[in-house]
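S.K.: The structure follows.
The values are calculated or read from the model by the stated rules, or taken from the named source; none is laboratory data. None of the values given here were measured: they were computed from a predicted structure. Cβ coordinates were reconstructed from backbone atoms using ideal geometry, including for glycine residues, and neighbour counts include every protein chain displayed. These accessible areas exclude ligands, DNA and RNA; they are computed on the full protein's heavy atoms, side chains included. Shrake-Rupley method; radii C 1.70, N 1.55, O 1.52, S 1.80 Å.
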Amino acid sequence: MIKERTDAPALFFEAEAAGLRWLAEPEADGGARVVRVADVRPGRIELERIRESRSTADAARAFGAALAVTHAAGADAFGAPPAGWDGPLFIGRRPLPVARETTWGRFYVRDRVLPYLDIAVEAGTVTSAQLPVIREALDRVAAGDFDDDEPPARIHGDLWTGNVLWDARGAILIDPAAHGGHRETDLAMLDLFGAPFLDEILAGYDATRPLRAGWRERIPVHQLHPLAVHAAGHGPSYGRALADAARATLTL
């Protein structure tokens, strides 16, 4: 499979390749499968071809368990890029800030929500009426209300269902925005857009590396990032969803 973009920013596909290779490192220990990089050059990446098939409950549970192993492989810091990569990061076609924070909430607000919220406000997809509740929720997150003692996880970073392919052997990850983050963020993104057999994915994950109490209630906190990204480029419905997630955050 070849992806090409004549208008790709500098190091766009090289960043994707670095993320894929980093996520693939834990595979030998039971981590999630990752699409193989055959070749990468400016404006072009060649990946192994996947013969897609349907997911099954068993495959979904196995994927959840494997994702827990990948997350546990860790990262140097919150916002850290793949080890050995010192270039830019991207989520979709947008730049993704690099950071090296020890505190999750401060990193998450500054580098994963505010850059995209500012774009959404300028575009009018987040309104002046929605902005106060969003900023109030972000203030709580940045203040550390949801910080915990979990170390930075090795996360995919853009784990919506379209970036999880399935073949006869199970799940395969593609198109990452890989960095050091909180493991609940990947799970919240799977929940945001739905995934086949999501309950089985989560059960397999929790059985392998139990999630902290209250993780389901914290899903809206971890959806603030993807909703801000989508509000920046995909219309006012995501601005409304972002405000709803902020309201849910404030109830916690």
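S.K.: Looking at the range 116-126 only, could you name the residues that are in contact (Cβ under 8 Å) with a residue 40 or more places away in the chain and not small (Gly, Ala, Ser)? Walk me through how you get there before you give the answer.
M.R.: We begin by selecting, within the range 116-126, every residue in contact (Cβ under 8 Å) with a residue 40 or more places away in the chain; these are 116-117, 119-120, 123-126.
Once the filter is applied, which keeps residues that are in contact (Cβ under 8 Å) with a residue 40 or more places away in the chain and not small (Gly, Ala, Ser), the range 116-126 yields Tyr116, Leu117, Ile119, Thr125, Val126.
S.K.: So, Ala15, is that one closer than 20 Å to Ala153 by Cα, open to solvent by 40 Å² or more (accessible area, probe 1.4 Å), part of a helix (DSSP H, G or I) and aliphatic (A, V, I, L, M) or not?
M.R.: no
S.K.: Could you tell me whether the range 159-175 includes any residue that is part of a helix (DSSP H, G or I), surrounded by fewer than 23 Cβ atoms within 10 Å (Cβ to Cβ) and of a type outside the set (S, T, N, Q)?
M.R.: Yes, the conditions are met somewhere in the range 159-175.
S.K.: Just name the residue that is most open to solvent (accessible area, probe 1.4 Å) out of those in the range 196-218 that are under 15 Å from Ala245 (Cβ atoms) and out of contact with any helix residue (DSSP H, G or I) (no Cβ under 8 Å at 6 or more places or on another chain).
M.R.: Ranking the candidates gives Arg216 first.
S.K.: Which of (1) open to solvent by 30 Å² or more (accessible area, probe 1.4 Å); (2) modelled with pLDDT of 95 or more does Phe193 not meet, given it meets every other one?
M.R.: Result: Phe193 passes all but (2).
S.K.: Using the structure shown, decide if Gly87 is out of contact with any Phe, Trp or Tyr (no Cβ under 8 Å at 6 or more places or on another chain) and either small (Gly, Ala, Ser) or crowded, with 18+ Cβ neighbours inside 10 Å (or both).
M.R.: yes
S.K.: Any residue in the range 79-104 that's at positive phi: show its pairings with residues that are small (Gly, Ala, Ser) and assigned to a strand (DSSP E or B) at Cβ separation under 8 Å, as long as the two are six or more apart or on different chains.
M.R.: Final answer for the pair search is Gly79/Gly180; Gly79/Gly181.
S.K.: Could you list, in sequence order, the residues of the range 18-36 that are loosely packed, with under 15 Cβ neighbours inside 10 Å and part of a loop (DSSP other than H, G, I, E, B)?
M.R.: Gly30, Arg36
S.K.: Let me ask you something else. Quick check on this structure: which one of Glu4, Glu46 is modelled with pLDDT of 95 or more and open to solvent by 20 Å² or more (accessible area, probe 1.4 Å)?
M.R.: Glu46
S.K.: Further question on the same structure: Criterion first (surrounded by 22 or more Cβ atoms within 10 Å (Cβ to Cβ), more than 21 Å from Arg94 (Cβ to Cβ) and not aromatic (Phe, Trp, Tyr)) does Ala143 satisfy it?
M.R.: No.
S.K.: Only strands (runs of 3 or more DSSP E) wholly contained in the range 37-109 count here; list those with 2 or more residues that are among the charged types (D, E, K, R).
M.R.: Those strands (runs of 3 or more DSSP E) span 37-41, 44-47.
S.K.: Looking at the range 96-108, is at least one residue open to solvent by 20 Å² or more (accessible area, probe 1.4 Å) and under 16 Å from the mean Cα position of the chain (by Cα)? Give the derivation first.
M.R.: Looking only at the range 96-108, we keep the residues that are open to solvent by 20 Å² or more (accessible area, probe 1.4 Å), and these are 97-98, 100-103, 106.
Remaining after also requiring under 16 Å from the mean Cα position of the chain (by Cα): 97-98.
Within the range 96-108 (the criterion being open to solvent by 20 Å² or more (accessible area, probe 1.4 Å) and under 16 Å from the mean Cα position of the chain (by Cα)), the answer is yes, since at least one residue qualifies.
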